[in-house]
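Take a look at the structure below.
Every number in this text was worked out from the coordinates using simple rules, so none of it is lab data. On a predicted model such as this, the values are computed, not experimentally measured, just so you know. Neighbour counts are summed over all protein chains in view; Cβ atoms, including those assigned to glycine, are modelled from backbone coordinates with ideal geometry.
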Amino acid sequence: MTFAILFFVAMWAGAQNALAGGGSFLTLPALMFTGMDALAANITSCVALFPAQIATGWTGRKFAVGAGGLSLRTLFLISIIGGVIGAGVLLLTPRGLFAQLVPWLVLFATAIFGWGSFIRKPGDAQGHAPAPLVGLLQFLISIYGGYFGGGIGFLMMAALTMAGQDVRVASATKNVLAGVMNASAVTIFLFSPDLHAPQALITAAGATIGGVFGARLVQVIDPKILRVLVLVVGSALTIGLFLRAYSFL
């Protein structure tokens, strides 16, 4: 029963990742529900969501473009390097510290997406980020993504729309970059003793199915619905993770 719930949550997570990001906010607590601690759940989630990210990115690849004057290839390279650094830092982080950091990381990701979607004005040309800033943001997001998978979709959506991309184009671009970014982290995590293979396989299957469906749906769904859905999910999970991390739940 627990694995069946995990499979359906993973399907939702795969679709959510394809639409606007935040899918790992669903798989992280679902994996912890199976008995893992936060660090093991994060590593397993990163590996498990990788096939879905590749499938999702491939499905919407024709809509992915460079941003802020940087080519998509340049963003690829930046994402790979940052992902390696982040994964290395994660493996050096004590378990207790990481468990306390998780809700703050989720809160940060939710807040930055809300700002990028509803407070900043994407149509204002003066607000478009220049190439050096876009590259720096993607590098920092990639380090964060290698360290903590939750929220990279939120952060990339915010950064790419800051660079002037439409929300649908930004969604397709971040799907491609998320797969590239996590490829380096996954390569490292595959050798980690904290990777739980049975849960990873179940999550991967569900997320891949949901991801392909979500990548097709993103071209027709109202962007406002995407933004609101992401904020609702992110806010609810932030509260839940704070309660869990600080022993109120």
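If you filter the range 157-233 for chymotrypsin sites (Phe, Trp or Tyr not before Pro), then keep DSSP loop positions with at most 16 other Cβ within 10 Å, what is left? List each step's numbers first, then the result.
Values: sites: 189, 191, 213; in loops: 191.
In loop regions of the range 157-233 (DSSP not H, G, I, E or B), the sparsely surrounded chymotrypsin sites (Phe, Trp or Tyr not before Pro) are 191.
Work out from phi, with θ = phi - 60° and the Karplus expression 6.51 cos²θ - 1.76 cosθ + 1.60, the ³J(HN,Hα) of each residue of the range 105-112, listed in order in whole Hz, and give x for Gly and Pro.
5, 5, 4, 4, 5, 5, 5, 5
Okay, helix-only estimate at 222 nm for the chain: each DSSP H run of n ≥ 4 adds -39500 (n - 2.57), divide by all residues, round to 500 deg cm²/dmol; what do you get?
Computed ellipticity for the chain at 222 nm equals -25500 deg cm²/dmol.
May I ask which residue of 104, 8, 41 lies farthest towards the positive end of the charge dipole of the chain, with charges of +1 (Lys, Arg) and -1 (Asp, Glu) on Cβ and the Cα centre as origin?
8
Multiply the residue separation of residue 95 and residue 236 by 0.36 nm, subtract the distance between their alpha-carbon atoms, and state the gained length in nm to one decimal.
Residue separation times 0.36 nm, minus the Cα-Cα distance, leaves 48.4 nm.
Label-point separation (nm) for residue 65 and residue 37, each offset 7 Å from Cα along Cα-to-Cβ?
Taking the two extended label points, one gets 4.7 nm.
Is there a quick way to get the dipole size of the chain? I mean about its Cα centre, with the Cβ of Lys and Arg at +1 and of Asp and Glu at -1; what is the value in debye to the nearest 20?
Dipole about the Cα centre, nearest 20: 400 debye.
Between residue 187 and residue 244, what is the label-to-label distance in nm when each label sits 7 Å out along the Cα-to-Cβ direction?
In this crude spin-label approximation the distance works out to 3.0 nm.
For Rg and Dmax of the Cα atoms in Å, which listed value, [x] 20.3, 72; [y] 18.3, 54; [z] 16.4, 52, comes from the coordinates shown?
Checked against the structure: label [z].
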